[in-house]
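The values are calculated or read from the model by the stated rules, or taken from the named source; none is laboratory data. Predicted model only: the values in this text are computed from it and were never measured. Using ideal geometry, Cβ is built from the backbone for each residue, glycine included, and neighbour counts are taken over all protein chains shown. Ligands, DNA and RNA are stripped out before the accessible areas are found, and what is left, the full protein with its side chains, is counted by its heavy atoms. Shrake-Rupley method; radii C 1.70, N 1.55, O 1.52, S 1.80 Å.
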Amino acid sequence: MRVAVIGAGSMGSLFGGHLADKCEVCLYSRNQAYVEAVSNNGLIMTQLDKKWVKKIGVTSDPAKIGPCDVAIIYVKGTGTDQAIQDAMVSCITPETLVVTLQNGIGNVEIIRKYLPAEQIAYGFSVLTSDLKAPGHIELTTLKMVPTFVKPLTEKAAPKLKKFVDTLNEVGLESHITDDIDIKIWRKLLVNCSENTLCAILKVNVTELMITTPESIEIGKQIIYEVSDVARAKGINITRQEALEYVIQVTESVPGHVPSMVFDIGNKKPTEIDVLNGAVVAEGKRLGIPTPINEVIVNMIKALEKNYHSKSVHHS
């Protein structure tokens, strides 16, 4: 099986590195420092005192990816349009299964602008990974947690099953599931509370949701609003269930630093529009108030708009 990872950040690298044990993998990234590091040194994967170095294909030229059986889309939501356009240069053929494991909601709709539904599967992973340096990731999930996917139509199911079987063979527990939407909204609970607040407060997830009462309270209010919107959409997640889920995930990844912390620190665009921004938009459409999430959206956008301010700013 030939697999391309379109968007080889910390999570794309995690999947690409594992799949390289069984598949021919090409990592695609526009980050030239990453491409050079992996080309010269291999992909470095560490976890506590363990270290793996994976010799793996990597490129920043979409024409050099070549036709693939599976393309995993793992860019941030702001880059989905461009990622699909890049992948269609040489990677995606009419036979390619395209799997989005991206954070947030709305990415499938973007991909559908370019590809038929029978080529698309969608889902998410509970795994976490931190980028330590170009070409070096730290696996921060200390116990086995799953990845869930669903084909957009039944025509995609046979190819998706083969892909999921391969993920399980390389140690990435994966499942095809019909209740993917409730699972995606549970992941959204985590992303909306932890990614954003960790970025604003400059803390890790343990400090945010376990050890600091003040930030726990803010996180609770975000989580409660997201669960309110989910229930209005017919996705049954009570406020208490939502909070317990976020705490459970947090305890499984002690000390994890979400990617938005690095986005803000490196003055890059964030995924706020497909996370809290999407929740606010859905809340307005459904008549559900989301004032705390709206404040969070405005705070992240204010940080983004002042990246190049000469005054004291977040760094």
Accessible surface of segment 74-201, 1.4 Å probe, proportion on carbon and sulfur as whole %: 55 percent
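Rolling a 1.4 angstrom probe over the protein heavy atoms, how many square angstrom per residue are accessible across segment 216-292?
I get 43 Å² per residue for segment 216-292.
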Sites THR206 and GLU241, calculated FRET efficiency, Cβ-Cβ separation with R0 30 Å, nearest 0.05: 0.90
GLU214-LYS64 pseudo-label distance in nm [points 7 Å out on the Cα-to-Cβ vector]: 4.9 nm
Histogram of C-alpha separations across segment 224-314, 5 Å bin width, %: 3, 13, 17, 19, 19, 15, 9, 4, 1, 0
Inter-part distance where segment 234-270 and segment 8-81 are each reduced to a Cα centre, Å: 24 Å
Global size of segment 1-144 as Cα Rg and Dmax, reported in angstrom: 14.3, 44
Coordinate range along principal axes, alpha carbons of the chain, Å, largest first: 48, 44, 36
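Work out, step by step, the length gained on full extension between LEU48 and PHE262: first 0.36 nm times the residue separation, then minus their alpha carbon distance; give nm to one decimal.
Stretched fully, the LEU48-PHE262 segment lengthens by 75.0 nm.
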Neighbourhood net charge (14 Å Cβ-Cβ; Lys/Arg +1, Asp/Glu -1) for ASP130: -2
Sparsely packed trypsin sites (Lys or Arg not before Pro) within segment 152-206, loop by DSSP, other Cβ within 10 Å at most 16: LYS202
At most 11 other Cβ within 10 Å, DSSP loop - GluC sites (Glu not before Pro), segment 87-140: GLU95
Pairwise FRET efficiency - ALA33 versus TYR307, Cβ, R0 = 25 Å, nearest 0.05: 0.80
Distance histogram for segment 169-209 (every C-alpha pair counted, 5 angstrom bins, percent rounded to whole numbers): 5, 20, 18, 15, 15, 16, 9, 2
Over the chain: helical MRE at 222 nm, DSSP H runs n ≥ 4 each giving -39500 (n - 2.57), nearest 500: -13000 deg cm²/dmol
Accessible surface ranking that places the most exposed of TYR34, TYR122 first, with a 1.4 angstrom probe: TYR122, TYR34
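Taking every eigenvalue of the Cα gyration tensor of segment 60-216, multiplying by 5 and rooting it, what semi-axes result, largest first, whole Å? If you can, show how the numbers build up before the last one.
On the way: eigenvalues 168, 65, 50 Å².
With the √(5λ) rule applied to segment 60-216, the semi-axes are 29, 18, 16 Å.
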